[in-house]
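This report refers to the structure that appears directly beneath it.
The values are calculated or read from the model by the stated rules, or taken from the named source; none is laboratory data. Every value quoted in this text rests on a predicted model; they were computed, and no experiment measured them. Here the Cβ is made from the backbone with ideal geometry for all residues, glycine too, and neighbour counts use every protein chain on show. For accessibility, only protein heavy atoms count, side chains too; no ligands or nucleic acids. Shrake-Rupley method; radii C 1.70, N 1.55, O 1.52, S 1.80 Å.
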Amino acid sequence: MELLRKWLGHPEDIYHLLRFKMGGYRAVMPRMDPDSLGLGLRTCYRYLNQTSRSFAAVIQALDGELRHAVCIFYLVLRALDTIEDDMTISLDVKVPMLIEFHSYLYQPEWKYMESKEKHRQVLEDFPTISMEFRNLAKVYQDVISDICHKMGVGMAEFLEKKVDSQSEWDRYCHYVAGLVGIGLSRLFSASELEDPIVGQDTELANSMGLFLQKTNIIRDYLEDQLEGREFWPREVWSRYTKKLSDLTKPENIDMAVQCLNELITNALRHVPDVLTYLSRLKNQSVFNFCAIPQVMAIATLAACYNNKQVFRGVVKIRKGQAVTLMMDATNMQSVKAIMYQYVEEIYQKIPSTDPSSNKTQQIIASIRAMSLPSGPMASRHHYSPIYLSCAMLLAALSWQYLSTISKATEEYVQAGEN
C-alpha cells in the first residue's frame, strides 16, 4: 500500500509512467538495430550496456555516425576511469598509465589484465575498443585522443591531492566532467549536426559538465564518506566543522545543512550557462541527449536543498518524476519551464537564517530571468479535477501493475547514477 500512497500523492507520475511504458520512451530513446553493426561495434555496444544503463540508452538514440563516436568516447573514458578507480594498482604504475593512456588508442595489442575493478572488461578487451576508435573518422579520433590525454593528466594530478579551495573544486570537476562536456560538444560540431560554435565555446560546454558533476558530488556525500572518499571543498566545509565526516553527527545537522545549501548555491551558478548552451542546439537527438541529464540534475538539487536526509541516507527523485522529466525535456520552452519550476521550489525552501540565503536568491533571480515560462508549459503541473479524479481511480485499480512496470522502466531512469 505504500506504493499506492506514493502514486496518489503524485497522480501525474501515473500518466507519464504508463505513457513511457506503452512506447513513449521510443520518442526520446529509440532502440538501435544491433544486426546492422559489425562484430566489433556490437561488442562495444554490449560493453556500453553493461557499464552504464543510463548513458547507454541516450547514446544509442543519437543520430548517424555521431552515435558510434560517442559510444567509443564513453568506453575509452570508462577504461581510463577504471584504472583511476582501481586501488590495487600502485601509484608508480598508475600515474604513467593515466598520463600515457591516450597513446594506447593507437597500439592495437595494448590491454590490461590485472585490474580487479567491476568494469575491467573494457581494459581486458581494449583492443576491440581501440580498433573501433581507429575506424572512426580522423576528426572524431582527434577529439577523443585529446580529451583522453587531458583527462588522464588531470586524474594523475588529483590522485594524492584533496580538493581544498572552490577553484580546485572547479578544476577537479573540469578534469572529470567538464572535459567530457567539451569533448562531446566538439563531437557534435564535428558531425555537422550542430554549428561550430557549440564545439568552440568551451566555457559553456565546461559548465554543462560541472553542473552534473557537482550535483553528483553533493548528492553522494554519505556514500562517499562510507567509502573513504572526500570531494566537498575544504574551503567551504571547514567553515562549518573541523572534519568533513563530522557533518553526519546529529549535533552538527544544522551546520551540515548550511554547508549543503552553500554548495548547492555554488552549483546553481552554472544553470545560466546550461540554458545558453541548450538554446544553441538544433538536432533533436543531441538536444535530448544533453537536456535530460540537466533537468534531472536541477530536480536532484531541489530535492537535496535544505534536506537533512543527505546526511542520513540517499536522496533520489522519484522514478515517475524522472520519467516525466524525460518525456517533457524535448524542447527549449519545456526545459526553461522545468528549470523555473525547480528553482522556485528551492526558493521557497530558503531559510532566512541561512548564511548563503542572499547568494542563493541572487542566482535564482538570474535563472528566473532566463527561464520565465510562456505558453502551455508555464503550468506543467496544474491538472484539472477531472484528470486528478481519473488518475486517482486509475491508481487504485492498477497500483500492483504499476509496481511491475516501475521495475521494468528502471534501466531508463537511472538518473545520473553513472
Most to least packed among 38-44, 262-268 [average Cβ atoms within 10 Å]: 262-268, 38-44
Please give the contour-minus-distance gain from Q50 to K118: 0.36 nm per residue of separation, less the Cα-Cα distance, rounded to one decimal in nm. 23.5 nm
³J(HN,Hα) computed for each position of region 163-176 - Karplus, 6.51 cos²θ - 1.76 cosθ + 1.60, integer Hz, glycine/proline x: 7, 9, 8, 5, 5, 5, 4, 4, 5, 4, 5, 4, 5, 8
Would region 196-373 count as rounded, prolate or oblate if I go by the C-alpha gyration tensor, calling it rounded below 1.5 in a/c and otherwise prolate when a/b exceeds b/c, oblate otherwise? prolate
Heavy-atom accessible surface of region 37-161: percent carbon and sulfur, 1.4 Å: 52
Inter-part gap, Cα centre of region 258-330 to Cα centre of region 170-247, in whole angstrom, is 13
Could you order peptides 168-179, 68-79 by the average number of other Cβ atoms within 10 Å of their residues, highest first? 68-79, 168-179
Where labels lie 7 Å past Cα in the beta-carbon direction, separation of Q284 and D195 in nm: 2.1
